[in-house]
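Chemist: Could you have a look at this structure, given as structure tokens, before my questions?
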Amino acid sequence: MKKYLVCALAALTMTSMMVVGCGGGDKKAADKPAEKVLRVATEPSFAPFEFQKKGTNEITGFDIDLIKAVGTKAGYKVQIMNMGFDALIPALGTGNIDVAASGMTITDERKKAVSFTDPYYTSGLIVLVDKNNTTIKSIKDLEGKRIACQIGTTGEKKSRSVKGAKVTAFNTNVEATMELKNKGVDAVINDAPVVGYFLAQGGNEYAKTVGEVMEAEQYGFAVKKDSKLVGELNKAMAEVKKSGDYDKIYKTWFGEVKK
Ligand code: ARG
């Protein structure tokens, strides 16, 4: 007798829960469709493109403002997360993230694994050395020298192409420049705008660039290979450029309007 009562009660409770659950859900769905979330990952040791605001976990920068503007324009709620640079492409492959917004250079090699949006920024690599170094004048003088770079970057690839160089690839750019400061390496190879920002923010107390910016590199947002997101983001990016929002964001981070 008691057993039946418990069962009946349980059944009743479940039914009412289902009714409430369905009713509530339906109503909500009719009022407001579920928000589409764009999961964006970045490696934030790359100011002014992406970095953590001093004393906080909040990630900010040019790439972040731009992908927020583009993602919002495409109808998404943009979510930013922190990830190792060499983990970004694998994470796109497994579908753990939707976009890598990380100053990522569009290369043929990467295009085999992911798809890129239209380019949004032109960059290039440069060599950083100790301020008092007089022997290294360009990348040609790095043969047999110790070079620091960030793991998985075009800077690492360039470093490894230098004959006889002893290359150390760090998880972050901050560690790579720290190693130069500690005289653990003779040079760092990294993207010129990031090096420029670093010098202007006080890095020039111990470091300087040598030689010219190497061949041009284009940054693009990366998505899962052949994802339809490419088209959506390109369309939204074109609108963000047309509306003047791109220029506004550019001015915020680079202090001038792009020519
Ligand atoms: N542009 C270089 C590359 O694609 C470096 C990018 C590093 N980005 C970063 N957020 N740490 O390899």
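Chemist: Looking only at region 158-167, which residues are in contact with a strand residue (DSSP E or B) (Cβ under 7 Å, 6 or more places away or on another chain) and either assigned to a loop (DSSP other than H, G, I, E, B) or within 14 Å of the ligand (Cβ to nearest atom) (or both)? Steps first, please.
Modeler: First pass over region 158-167, keeping only residues in contact with a strand residue (DSSP E or B) (Cβ under 7 Å, 6 or more places away or on another chain): 158-160, 162, 165-167.
If the condition is that a residue be in contact with a strand residue (DSSP E or B) (Cβ under 7 Å, 6 or more places away or on another chain) and either assigned to a loop (DSSP other than H, G, I, E, B) or within 14 Å of the ligand (Cβ to nearest atom) (or both), then Lys158, Ser159, Arg160, Val162, Ala165 are the ones that fit.
Chemist: Being closer than 15 Å to Val40 by Cβ and buried (at least 17 other Cβ atoms within 10 Å of the Cβ) is the filter here, so list the residues in region 90-114 that pass it.
Modeler: From region 90-114, those closer than 15 Å to Val40 by Cβ are 91-92, 95-104, 114; that's our starting set.
Selection gives Ala91, Leu92, Ile97, Asp98, Val99, Ala100, Ala101, Ser102, Gly103, Met104, Val114.
Chemist: Only one of these conditions is not met by Lys225: (1) within 30 Å of Asn132 (Cβ to Cβ); (2) open to solvent by 50 Å² or more (accessible area, probe 1.4 Å). Which number is it?
Modeler: (1)
Chemist: Quick one: in region 70-84, of everything that is open to solvent by less than 60 Å² (accessible area, probe 1.4 Å) and touching a helix residue (DSSP H, G or I) at 6+ places or on another chain (Cβ under 9 Å), which residue is farthest from Asp191 (Cα to Cα)?
Modeler: It comes out as Gly75.
Chemist: Output the residue which, of all residues in region 37-69 that are at pLDDT below 95 and touching a strand residue (DSSP E or B) at 6+ places or on another chain (Cβ under 9 Å), is most open to solvent (accessible area, probe 1.4 Å).
Modeler: Narrowing region 37-69 to residues at pLDDT below 95: 53-57.
Imposing the further condition that a residue be touching a strand residue (DSSP E or B) at 6+ places or on another chain (Cβ under 9 Å) reduces the set to 53, 57.
Numbers: Lys53: 87, Asn57: 132 Å².
Residue satisfying both the conditions and the ranking: Asn57.
Chemist: Return only the number of the condition from (1) free of Cβ contacts under 8 Å to residues at least 40 places away in the same chain; (2) over 20 Å from the mean Cα position of the chain (by Cα) that Asp130 does not satisfy.
Modeler: Of (1) free of Cβ contacts under 8 Å to residues at least 40 places away in the same chain; (2) over 20 Å from the mean Cα position of the chain (by Cα), only one is false for Asp130: (1).
Chemist: Something else now. With (1) more than 22 Å from Glu58 (Cα to Cα); (2) of a type in the set (A, V, I, L, M, F, W, C); (3) within 13 Å of the ligand (Cβ to nearest atom) as the list, and Leu128 as the residue in question, which single condition is left unmet?
Modeler: (3)
Chemist: Quick check on my filter: what residues within region 128-157 are open to solvent by 70 Å² or more (accessible area, probe 1.4 Å) and in a strand (DSSP E or B)? Lay out the reasoning, then the answer.
Modeler: As a first pass, look at region 128-157 and keep what is open to solvent by 70 Å² or more (accessible area, probe 1.4 Å): 131-132, 134-135, 137, 140, 143, 146, 157.
Once the filter is applied, which keeps residues that are open to solvent by 70 Å² or more (accessible area, probe 1.4 Å) and in a strand (DSSP E or B), region 128-157 yields only Arg146.
Chemist: Go through region 172-195 and give me each residue that's outside any helix (DSSP H, G or I) and either of a type outside the set (Gly, Ala, Ser) or open to solvent by 30 Å² or more (accessible area, probe 1.4 Å) (or both). I'd like the intermediate steps shown before the answer.
Modeler: Residues of region 172-195 outside any helix (DSSP H, G or I): 172, 182-191.
Thr172, Asn182, Lys183, Val185, Asp186, Val188, Ile189, Asn190, Asp191 - these are the residues of region 172-195 that are outside any helix (DSSP H, G or I) and either of a type outside the set (Gly, Ala, Ser) or open to solvent by 30 Å² or more (accessible area, probe 1.4 Å) (or both).
Matching residues to (1) away from the ligand (no atom under 16 Å from the Cβ); (2) among the charged types (D, E, K, R); (3) closer than 26 Å to Ala238 by Cα:
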{"position": "Lys112", "(1), (2), (3)": "no, yes, yes"}
{"position": "Tyr121", "(1), (2), (3)": "no, no, yes"}
{"position": "Leu142", "(1), (2), (3)": "yes, no, no"}
{"position": "Asn171", "(1), (2), (3)": "no, no, no"}
{"position": "Gly184", "(1), (2), (3)": "yes, no, no"}
{"position": "Gly220", "(1), (2), (3)": "no, no, yes"}
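Chemist: Would region 45-61 turn up any residue that is of a type in the set (Gly, Ala, Ser), within 10 Å of the ligand (Cβ to nearest atom), at positive phi and out of contact with any Pro (no Cβ under 6 Å at 6 or more places or on another chain)?
Modeler: Initially, region 45-61 is screened for residues of a type in the set (Gly, Ala, Ser), giving 45, 47, 55, 61.
Those still in the list that are within 10 Å of the ligand (Cβ to nearest atom) too: 45, 47, 61.
Restricting the remaining residues to those that are at positive phi gives 61.
Checking the rest, the ones that are also out of contact with any Pro (no Cβ under 6 Å at 6 or more places or on another chain) come to none.
No, region 45-61 contains no residue that is of a type in the set (Gly, Ala, Ser), within 10 Å of the ligand (Cβ to nearest atom), at positive phi and out of contact with any Pro (no Cβ under 6 Å at 6 or more places or on another chain).
The values are calculated or read from the model by the stated rules, or taken from the named source; none is laboratory data. Just so you know, these numbers come straight off a predicted model, no measurement behind them. Because the Cβ atoms are built from the backbone with ideal geometry, glycine has one as well, and the counts that use them run over all protein chains shown. With ligands, DNA and RNA removed, areas are computed over all heavy atoms of the protein, side chains included. Shrake-Rupley method; radii C 1.70, N 1.55, O 1.52, S 1.80 Å.
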